[in-house]
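FYI, it's all coordinate maths here, none of it is from the lab. Note that this is a predicted model, so its numbers are computed, not measured. In this analysis, Cβ positions are derived from the backbone assuming ideal geometry, glycine residues included, and neighbour counts consider all displayed protein chains.
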Ligand SMILES: [Zn+2]
Ligand SMILES: [Zn+2]
């Protein structure tokens, strides 16, 4: 026989607590333990999914390729300005997922991303975009936490110091028009690379990759781009969108 008060309690409405199980998110440690257990049981191979922050990072870094030469070039430029600490952290990457953006500067990691298609715009690109983005990092570094305008006086000053005075805040490269038809083709007389162009190039245009590799990025007649018949270019480089 139960004591009287228990019986009373049970009969009074509203006194019985409704207990709903509260779902707790699994802690990373528990998730790992669970994965380990399943693995030990030999059910299937379990790879614990990366956490959301890591996943975003993986997605963001997909396809990125570091450019050792441009990284060294960028570091040299910044060292010459006396910013050794920034120079040490600098890294320059090619990012094939940039569409209309020519370049990006990541302040938190001192990383510069360049649009992989800048290679189609010799001979000033991608050196100019590299300097543009570098100026963002320099201005931010010098500001040391002080809020500044992205393309304000500090950035313009850095641009001048990096050899691109009067740089515009926006690029005028036809990157946005992805399906633009290239009517002119050129070929480097040194490396044989095919360069598609919408408009005719001057007779003095040289291959940027070659100038960079063999001539410290400076122009040289040895790497002139010669006009190539369109039909031949289509056969040699079908990946470009030709007219
Ligand atoms: Zn900018
Ligand atoms: Zn070349």
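Structure above, values below:
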{"quantity": "Extension reserve of the residue 26-residue 72 stretch, reckoned as 0.36 nm per residue once the Cα distance is removed", "calculated": "12.1 nm"}
{"quantity": "Footprinting exposure proxy for 198, 138 (fewest neighbouring C-beta atoms within 10 Å first)", "calculated": "198, 138"}
{"quantity": "Per-residue Cβ neighbour rank within 10 angstrom, fewest leading, 124, 113, 67, 172", "calculated": "172, 124, 67, 113"}
{"quantity": "Three-way shape label, region 94-241, alpha-carbon gyration tensor, a/c 1.5", "calculated": "prolate"}
{"quantity": "Relative contact order (percent, whole number), region 126-173, Cα cutoff 8 Å, 6+ residue spacing", "calculated": "39 percent"}
{"quantity": "Those residues of region 214-238 whose amide nitrogen sits under 14 Å from the label point placed on residue 119, 7 Å along Cα→Cβ", "calculated": "237-238"}
{"quantity": "Proxy reagent accessibility, fewest Cβ within 10 Å first, across 93, 208", "calculated": "93, 208"}
{"quantity": "Residues residue 169 and residue 230, FRET efficiency given R0 of 30 Å [Cβ-Cβ distance, rounded to 0.05]", "calculated": "0.25"}
{"quantity": "P(r) tail fraction, region 59-161 - alpha-carbon pairs more than 19 Å apart, %", "calculated": "39 percent"}
{"quantity": "Computed Kirkwood radius, in angstrom, where 1/r is averaged over Cα pairs of region 184-236", "calculated": "11.1 Å"}
{"quantity": "Tensor-based shape of region 157-219 (alpha-carbon gyration tensor, a/c under 1.5 rounded, otherwise prolate or oblate)", "calculated": "oblate"}
{"quantity": "Net length gained if the chain between residue 89 and residue 106 were fully extended (0.36 nm per residue, minus Cα distance)", "calculated": "5.0 nm"}
{"quantity": "Relative contact order of region 184-236, defined on C-alpha pairs under 8 angstrom at six or more residues apart (%)", "calculated": "44 percent"}
